[in-house]
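Worksheet: one structure, shown below.
The values are calculated or read from the model by the stated rules, or taken from the named source; none is laboratory data. Remember, it's a predicted structure, so these values are computed and weren't measured experimentally. With ideal geometry, Cβ positions are generated from the backbone for all residues, glycine too; neighbour counts draw on all protein chains shown. With ligands, DNA and RNA removed, areas are computed over all heavy atoms of the protein, side chains included. Shrake-Rupley method; radii C 1.70, N 1.55, O 1.52, S 1.80 Å.
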Amino acid sequence: MSKLPCREVKHVKNLYITGVAGSGKTAIALGIALNLKKEGYRVTYFKPVGNRSRLSDTEDNDALLMREILNIDAEARKIAPFLAGTSYLSGLKNREAALENIKEAYRAVSQEADTVIIDGAAFPHAGAAYGLDAASLAGLFEASVINVIKLENDLSVDQAVFLNNSLASRGLKVIGHIFNNVPRQLLSKTEGVFKPLLEKAGCTTLGIIPVRPEFASPTVSEYYEVLGGELLAGEDRLDLLVEEVIIGAMTLESALRYMRRSANKAVIMGGDRADLALATLETSTSALILTGGLYPDVKVISRAAEKGVPVILVHSDTYTTIERISEVSRRIRPGDAAGINIAMENIEKHCDWQSILNSLKEN
């Protein structure tokens, strides 16, 4: 595995943040970066493998965010030099050229910094076919690694242990793992069961961050970016928060009782369920997600436009749509002062900040 020349990384400490889609790793990266700046570090941000956004086909949203918040004097295309989507392999012809472009971008972004926060791709394995996965890039940049755990069930812990062992087997330094956005009902289990299991497996837990609804709820825009499809209504209401996702596979009578109890929800249903869609629009709804590529009755689109509710038509089936929704997470925006403050507080209050700081001081 090729390394960057020593002169390029001699005075720079690199910290690689990895995790799966929806884990909130970019918020963790932001929180660490801002706390390092408070400590007097010259911090910059780099995302070697970015995500191709549906709202901006040429720039990564996280790169745009960090460029503004951290005052990085570099174009977003330098901060995130390589964009990968679900079909990126067919367009990548020259692996060495892609790698050289990433290395050149790193040199430009890190020039005035003594600490570089490197944000991983949507999944640790993304880019593995071309040596652009988390382990390969962390090794290339001689970076210490923090893994952010998206806690869904016991298998999330298995995944963390597997990743920890994989990284360690390649000689990489894993500082530890952070459980992020942990639901209240899982906090005790995380502290009493998951954390000891990780430690027994040789994995350090750096933090357990409880979920905060005002910070964890994604917007309709973030659902649209992940799901794609067609936006049939509500183009100007994509900033609505989604606090709950409901599957509309029920009778109309049952649905009405349930829909009235749920606020700020996104409802997934087939495009042919005009009766259910119209009933849903009479309750507190942030978005309708219609599956199967079935174009809805014009009455649904008209009523949604009147109510200011975005309607997203996707061509995947309901099961696939639900699976993809697991990748959706709340994205901090440049003007989101509350979100930025929470990102900082989460590191200060719920993580072992001193261990993170000490790891960057070690030679």
message: Please pick out the residue among 128, 108 that is farther than 28 Å from residue 352 by Cα, open to solvent by 40 Å² or more (accessible area, probe 1.4 Å) and in contact with a Lys or Arg (Cβ under 6 Å, 6 or more places away or on another chain).
response: 108
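Take the residues in segment 206-253 that are part of a strand (DSSP E or B) and either of a type outside the set (A, V, I, L, M, F, W, C) or modelled with pLDDT under 85 (or both); name whichever of them is nearest to residue 348 (Cα to Cα).
Selected residue: 207.
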statement: Of the residues in segment 229-240, those that are surrounded by 15 or more Cβ atoms within 10 Å (Cβ to Cβ) and either touching a Ser or Thr at 6+ places or on another chain (Cβ under 6 Å) or not hydrophobic (A, V, I, L, M, F, W, C) (or both) come to 229, 234, 237, 238, 240
- request: Determine whether residue 310 is open to solvent by less than 60 Å² (accessible area, probe 1.4 Å), touching a helix residue (DSSP H, G or I) at 6+ places or on another chain (Cβ under 6 Å), modelled with pLDDT of 95 or more and within 24 Å of residue 61 (Cα to Cα).
  value: yes
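Matching residues to (1) part of a loop (DSSP other than H, G, I, E, B); (2) within 21 Å of the chain's Cα centre (by Cα):
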position: 268; (1), (2): no, no
position: 279; (1), (2): no, no
position: 288; (1), (2): no, no
position: 295; (1), (2): yes, no
position: 300; (1), (2): no, no
position: 321; (1), (2): no, yes
position: 328; (1), (2): yes, yes
position: 347; (1), (2): no, yes
position: 358; (1), (2): no, no
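In segment 167-191, what residues are aliphatic (A, V, I, L, M), in a helix (DSSP H, G or I) and surrounded by fewer than 20 Cβ atoms within 10 Å (Cβ to Cβ)? Walk me through how you get there before you give the answer.
Here is the first cut: in segment 167-191, the ones aliphatic (A, V, I, L, M) are 167-168, 172, 174-175, 178, 182, 186-187.
When the remaining residues are screened for being in a helix (DSSP H, G or I), the result is 167-168, 186-187.
Result: 168, 186, 187.
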- prompt: residue 309 fails exactly one of the following numbered conditions: (1) outside any helix (DSSP H, G or I); (2) in contact (Cβ under 8 Å) with a residue 60 or more places away in the chain; (3) under 25 Å from residue 20 (Cβ atoms). What is the number of that condition?
  reply: (3)
- request: Give just the number: which of (1) in contact with a Pro (Cβ under 8 Å, 6 or more places away or on another chain); (2) open to solvent by 40 Å² or more (accessible area, probe 1.4 Å) does residue 163 not satisfy?
  value: (2)
